[in-house]
Amino acid sequence: MARFVALLACALALLASSMASAAIVEHSFHVQNLTVRRLCNEQVITAVNGSLPGPTIRVQEGDILVVHVFNKSPYNITIHWHGIFQKLSGWADGPEYVTQCPIVPGNSYTYKFKITGQEGTLWWHAHAAWLRATVYGALIIHPKSGHSHPFPKPDKEVPILLGEWWNANVIDVANQGLATGGAPNNSDAFTINGKPGSLYPCSQKQTYKLKVVEGKTYMLRIINAALNNQLFFKIANHKLTVVAIDASYTEQYVTDVVVIAPGQTTDVLVTADQPVGSYYMAATPYASAANVSFDNTTTRGIIVYEGSTSANPLMPVLPASNDTLTAHKFYSNLTGLAYGPHWVPVPRQVDEHMFITSGLNLAPCGSNVTGNATCQGPLNQSLSASMNNVSFVIPSTSKLSMLQAFFFDVGGVYTTDFPNKPPVKFDYTNPNISLDRSLIFAPKATKVKTLKYNSTVEIVLQNTAFVGIENHPIHIHGFNFHVLAQGFGNYDSVNDQGKFNFVNPQTRIWLVHCHLDVHLPWGLAMAFEVENGPTISSILPPPPADLPRC
């Protein structure tokens, strides 16, 4: 015990010394109601500093970011710094009841963390209920002074945040879905930098415009801030060169279409090399699930060349909403920039092997439903979800967050028995299992997988055909992952390993194929508990004194 206390004191001293030597970037976030007009209606939303999207944060790698969050809204709130490693600062990560309790209305909390070993495009957003529909903004990490990007310097950088809009209070939309046991109502529009574009009613003057100069090159930092939809993004008559994804550099990949899932970021270079005129940029959903309704609309902005007199911008030809071949081609053709800045080679010695099935499930009607005799999900049950047949429950009734329970060694908040594989082996992608009652119900629980510090984990994510086959992106908080391979059907442990890319795989904070609607408490989630390491640089410091209480 004395050795642990001594190491902890050293860790705190080391952290304080590191903090003292770094530049501090400070912001204040005032979260409160904002009335905006969209699609012919006035709607009260929750927003930061009176804007949608919220403020763009720009830092350099190595800076300390300090953000004072004042919750003047009627809802509990937390802010997640999406993709930040949070080395020795896990208390600042943000997800409610996991690393912190929420900031209640009328209270405030200050997030403080150092940005280490990362550069590129990330973003921040609310991590409570559905508030991230309107509480979000870009987080851009520039290289340290004297360092540069591994590609020609663009003439200008522009954040492009793709969003999703409801003509309703998003908390009510989510609660209505939970109350009925069915899917929540589809959104009414998509947006580019908060504006829906001229294809929607009353939106002719709510179209994002980007002015460009012929011959100059622009880096578009594309962020998908939508809740539930992957999106195709194109610019009429222009090629896009992908240079980074999720704040990780890629080999340059030239394409005419970008596919981007909720939470992902993609940096592209686009040169204004077409005849002087106006060109639409547009985003429309990629929705792979058959017979499932979705917001099948298109948002668009305008790229206007300096000197253009064109009143009729060219519109790109967008892929069909179910164009899986185009989506797969894009995702699978991306490769990492081996030995570029912050590159980490693929570790070859694996300590933990996990095989995780994921997908929609059902829960007995009444699990989330109030006042209904039947539910609106399939078989009159309630929609749920699971990983390895465990439907994750956020411990919102606990007096501690999961991270507090870990730090103070308090039992009863979660268990450490998340399985390395599903309890039953079956034909995972066979459509005939869609409503198989013997497989489709998953027990509710808060389970984690314990990992040793500095261990290497191989995870095979296997989609399932429960309810319907669709794409399910997953965000891994605090970690980058090498994506060694992607494919269709059931994973073949014998033959598919020969397809692994150990040389230059793409690196993401997201792995492809797990549920989009993760911010509804349906249960498609799990958690890793990483044990403290043996050195002062691998011990979690105690929580800040002002950490919100449950």
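The values are calculated or read from the model by the stated rules, or taken from the named source; none is laboratory data. Please read all numbers here as calculations on a predicted model, not as lab measurements. All Cβ positions, even for glycine, are placed from backbone atoms using ideal geometry, and neighbour counts span all protein chains on display. Protein only, heavy atoms only, side chains kept; ligands, DNA and RNA dropped before computing areas. Shrake-Rupley method; radii C 1.70, N 1.55, O 1.52, S 1.80 Å.
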Residues (touching a Ser or Thr at 6+ places or on another chain (Cβ under 7 Å) and either among the hydrophobic types (A, V, I, L, M, F, W, C) or more than 17 Å from K205 (Cβ to Cβ) (or both)) located in the stretch 293-302: D295, N296, T298, I302
Flag if A129 is part of a loop (DSSP other than H, G, I, E, B), open to solvent by 20 Å² or more (accessible area, probe 1.4 Å) and small (G, A, S): yes
Verdict on L435 being within 28 Å of G487 (Cβ to Cβ), touching a helix residue (DSSP H, G or I) at 6+ places or on another chain (Cβ under 7 Å) and buried (at least 17 other Cβ atoms within 10 Å of the Cβ): no
Residues that are farther than 20 Å from H353 by Cα and open to solvent by less than 80 Å² (accessible area, probe 1.4 Å), drawn from the stretch 415-432: D427, T429, N430
Residue match in the stretch 218-229 (condition: in contact with a strand residue (DSSP E or B) (Cβ under 6 Å, 6 or more places away or on another chain), open to solvent by 20 Å² or more (accessible area, probe 1.4 Å), farther than 23 Å from D295 by Cβ and of a type in the set (K, R)): no
Lone qualifier among Q206, Q274, Q252, Q176 - being touching a Phe, Trp or Tyr at 6+ places or on another chain (Cβ under 7 Å) and either open to solvent by 10 Å² or more (accessible area, probe 1.4 Å) or not charged (D, E, K, R) (or both): Q252
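Which of the residues belonging to the stretch 62-88 are open to solvent by 10 Å² or more (accessible area, probe 1.4 Å) and within 24 Å of T507 (Cα to Cα)? Spell out how you get there, then give the answer.
The initial filter retains those residues of the stretch 62-88 that are open to solvent by 10 Å² or more (accessible area, probe 1.4 Å), namely 62-63, 66, 68, 70, 72, 74-76, 85-88.
G62, D63, F85, Q86, K87, L88 - these are the residues of the stretch 62-88 that are open to solvent by 10 Å² or more (accessible area, probe 1.4 Å) and within 24 Å of T507 (Cα to Cα).
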Qualifying residue in the stretch 136-152 (condition: open to solvent by less than 40 Å² (accessible area, probe 1.4 Å), touching a His at 6+ places or on another chain (Cβ under 6 Å) and within 22 Å of P262 (Cβ to Cβ)): yes
Unique residue being in contact with an Asp or Glu (Cβ under 9 Å, 6 or more places away or on another chain), at pLDDT below 95 and either open to solvent by 50 Å² or more (accessible area, probe 1.4 Å) or small (G, A, S) (or both) when the list is G487, G523, G468: G487
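Just the residues that are part of a helix (DSSP H, G or I) and touching a Leu at 6+ places or on another chain (Cβ under 8 Å), please, taken from the stretch 407-433.
Within the stretch 407-433, the first condition is being part of a helix (DSSP H, G or I), and the residues that meet it are 407, 431-433.
Listed by number, the residues that qualify are F407, I433.
Quick check on the stretch 283-291. Is at least one of its residues open to solvent by 50 Å² or more (accessible area, probe 1.4 Å) and either assigned to a strand (DSSP E or B) or in contact (Cβ under 8 Å) with a residue 12 or more places away in the chain (or both)? Write out each step before concluding.
In the first step, residues of the stretch 283-291 are kept if they are open to solvent by 50 Å² or more (accessible area, probe 1.4 Å); the result is 290-291.
Next cut, either assigned to a strand (DSSP E or B) or in contact (Cβ under 8 Å) with a residue 12 or more places away in the chain (or both) only: 290-291.
Scanning the stretch 283-291 turns up at least one residue that is open to solvent by 50 Å² or more (accessible area, probe 1.4 Å) and either assigned to a strand (DSSP E or B) or in contact (Cβ under 8 Å) with a residue 12 or more places away in the chain (or both).
Could you run through the stretch 300-321 and say how many residues are basic (K, R) and more than 29 Å from the chain's Cα centre (by Cα)?
Kept after step one, since they are basic (K, R), are these residues of the stretch 300-321: 300.
Still in the running and more than 29 Å from the chain's Cα centre (by Cα): none.
Qualifying residue count for the region: 0.
Hey, among V59, V44, which residue is at pLDDT 95 or above and open to solvent by 50 Å² or more (accessible area, probe 1.4 Å)? Please lay out each step first, then the result.
Values: V59 fails: open to solvent by 50 Å² or more (accessible area, probe 1.4 Å).
When all the criteria are applied, what remains is V44.
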Where a residue in the stretch 115-133 is without any contact (Cβ under 8 Å) to a residue 60 or more places away in the chain and more than 24 Å from G163 (Cβ to Cβ) and its partner, wherever it lies, is open to solvent by less than 10 Å² (accessible area, probe 1.4 Å) and assigned to a strand (DSSP E or B), with Cβ under 7 Å and at least six apart: I115/V59; I115/L65; I115/I141
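Specify the residue that is modelled with the highest pLDDT; the eligible residues are those in the stretch 335-371 that are in a strand (DSSP E or B) and small (G, A, S).
If we filter the stretch 335-371 for residues that are in a strand (DSSP E or B), which is where we start, we get 335-336, 352-363.
Adding the requirement that they be small (G, A, S) leaves 336, 358-359, 363.
Values: G336: 98, S358: 92, G359: 89, A363: 91.
Restricting to residues being in a strand (DSSP E or B) and small (G, A, S), the top hit is G336.
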For W81: the one exception among (1) under 19 Å from the mean Cα position of the chain (by Cα); (2) part of a loop (DSSP other than H, G, I, E, B); (3) within 30 Å of S148 (Cβ to Cβ): (2)
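Given the residues N333, N388, N380, which is the only one that is in contact with a strand residue (DSSP E or B) (Cβ under 8 Å, 6 or more places away or on another chain), of a type outside the set (K, R) and open to solvent by 60 Å² or more (accessible area, probe 1.4 Å)? First the steps, then the outcome.
Numbers: N388 fails: open to solvent by 60 Å² or more (accessible area, probe 1.4 Å); N380 fails: in contact with a strand residue (DSSP E or B) (Cβ under 8 Å, 6 or more places away or on another chain).
Among N333, N388, N380, only N333 is in contact with a strand residue (DSSP E or B) (Cβ under 8 Å, 6 or more places away or on another chain), of a type outside the set (K, R) and open to solvent by 60 Å² or more (accessible area, probe 1.4 Å).
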Cβ-Cβ under 6 Å pairs, at least 6 apart or on other chains, the stretch 300-319 side more than 18 Å from S198 (Cα to Cα) and free of Cβ contacts under 8 Å to residues at least 60 places away in the same chain, far side crowded, with 16+ Cβ neighbours inside 10 Å and small (G, A, S): S308/G277; S308/S278
Residue list for the stretch 244-263, restricted to those being in contact with a Gly (Cβ under 9 Å, 6 or more places away or on another chain) and modelled with pLDDT of 95 or more: A244, I245, D246, A247, S248, Y249, T250, E251
